[in-house]
1. Starting from the Kirkwood Rh over alpha-carbon pairs, what translational D in µm² s⁻¹ does region A:36-78 have by Stokes-Einstein at 20 °C and 1.002 mPa s?
2. Whose amide H sits under 5 Å from the amide H of A:Glu176, counting only residues 5 or more places off or on another chain, with H placed in the peptide plane?
3. Past 30 Å, Cα to Cα: identify those pairs from A:Lys55/A:Lys219; A:Lys55/A:Lys265; A:Lys55/A:Lys279; A:Lys66/A:Lys279; A:Lys28/A:Lys265, in the order given.
4. Run the accessible area of chain A with a 1.4 Å probe and give the carbon-and-sulfur part as a rounded percent.
5. When chain A is treated as a GNM, springs tying every alpha-carbon pair under 10 Å, which of A:Thr49, A:Thr277, A:Thr67 comes out with the largest mean-square fluctuation?
6. Grab the Cα-Cα distance for A:Arg201 and A:Asp177, subtract it from 0.36 nm times how many residues apart they are, and report the gain in nm with one decimal.
7. Provide the per residue accessible area, probe 1.4 Å, for region A:157-294, rounded to a whole number of square angstrom.
8. Need one number: % antiparallel among DSSP beta bridges in chain A, to the nearest 5.
Amino acid sequence: MNAPAAILEKDITPQGGDYEVIRRVIEKISLDYRDQPSLESLAEEVGETPGGLQKLFTRWAGLSPKTFLQAVTLDHARKLLDSGLPLLDTAYELGMSGPGRLHDLFVTHEAMSPGDYKTRGGGLTISYGYHISPFGLALIMVTDRGLAGLSFNDPGDERAAFADMSGRWPNATYVEDMSATAPYAARIFDRSRWCSDQPLRVVLIGTDFQVRVWQALLKIPMGRARAYSEIANEIGSPAASRAVGAAIGANPISFVVPCHRALGKSGALTGYHWGLTRKRAILGWEAGQLATDR
DNA sequence: TAAATCAATCTTC
DNA sequence: GAAGATTGATTTA
């Protein structure tokens, strides 16, 4: 198999190109969050003016850098876990507009039978393509039954991302076909198209245990989070929180199956297959989306 | 009090 | 058997 050259289409998400700067800012923040870095020092770090950085953040996340910074703190993450809170409290806390509709991406999921899984993708044809997303470059994989995989990588790591993903179903046939994946990309990363009347079709390819864990993830609404142990409870194996972590790590459809909404019981972001920085970015972005909801 | 250490627990390869 | 995107208890500085 030859890893594909990355072929970039036009930037379908206007804010997609902002991610590189955002990523570096988040990295900086998480490095020395202890002494609350100022807007000025952050801007200097990434070679922007304070005003420019402010504008960029607002465009990308709908939040000012300061509010965004708050949204990714341990303290705030802890609140996402607290199931006693009404859903909209996140938006209130961030000091933004009042209550409104709570959107989320609606999906219908279908699990492959254990038999199908054992063939490790044998007989399956998977179309894939790279697309710009608000969280870096997204590698999307689809079958005729729906979305099967979504991964992120930074520019230059396309080969690694492809190897990672295709290694999960080594016997499948892979075809680069952006015309097949582009509609998914457009749909997934454009929130105005997250509607319930035509749910996104998703196929879950994994072991029985993994599929149960992923289904539990799908039930977590946007702007909320669950602890690994809570998910373990939900699927009926209360002692299996560690195994749950492993299963979540194996989730092939990141973002759509919201593995970023799984946190340690303390609210700590314990891990993320595509990098903790990206997990922070996605959580902060979600907070911003909620806050701008009218 | 926070950080480090340890054992218990479950799934996968 | 070994290795995890965990947790809760215990110990240490």
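The values are calculated or read from the model by the stated rules, or taken from the named source; none is laboratory data. Remember, it's a predicted structure, so these values are computed and weren't measured experimentally. Heads up, the Cβs are rebuilt from the backbone with ideal geometry, glycines too, and the neighbour counts pull from every protein chain shown. Surface areas here come from the heavy atoms of the whole protein model, side chains and all, with no ligands, DNA or RNA. Shrake-Rupley method; radii C 1.70, N 1.55, O 1.52, S 1.80 Å.
1. 201 µm²/s
2. A:Tyr128
3. Over 30 Å Cα-Cα: A:Lys55/A:Lys219; A:Lys55/A:Lys265.
4. Percent of accessible area from carbon and sulfur atoms in chain A: 53.
5. It is A:Thr49.
6. Answer, rounded to one decimal: 6.8 nm.
7. Heavy-atom SASA per residue in region A:157-294 reads 38 Å².
8. Around 50 percent of the beta bridges assigned by DSSP in chain A are antiparallel ones.
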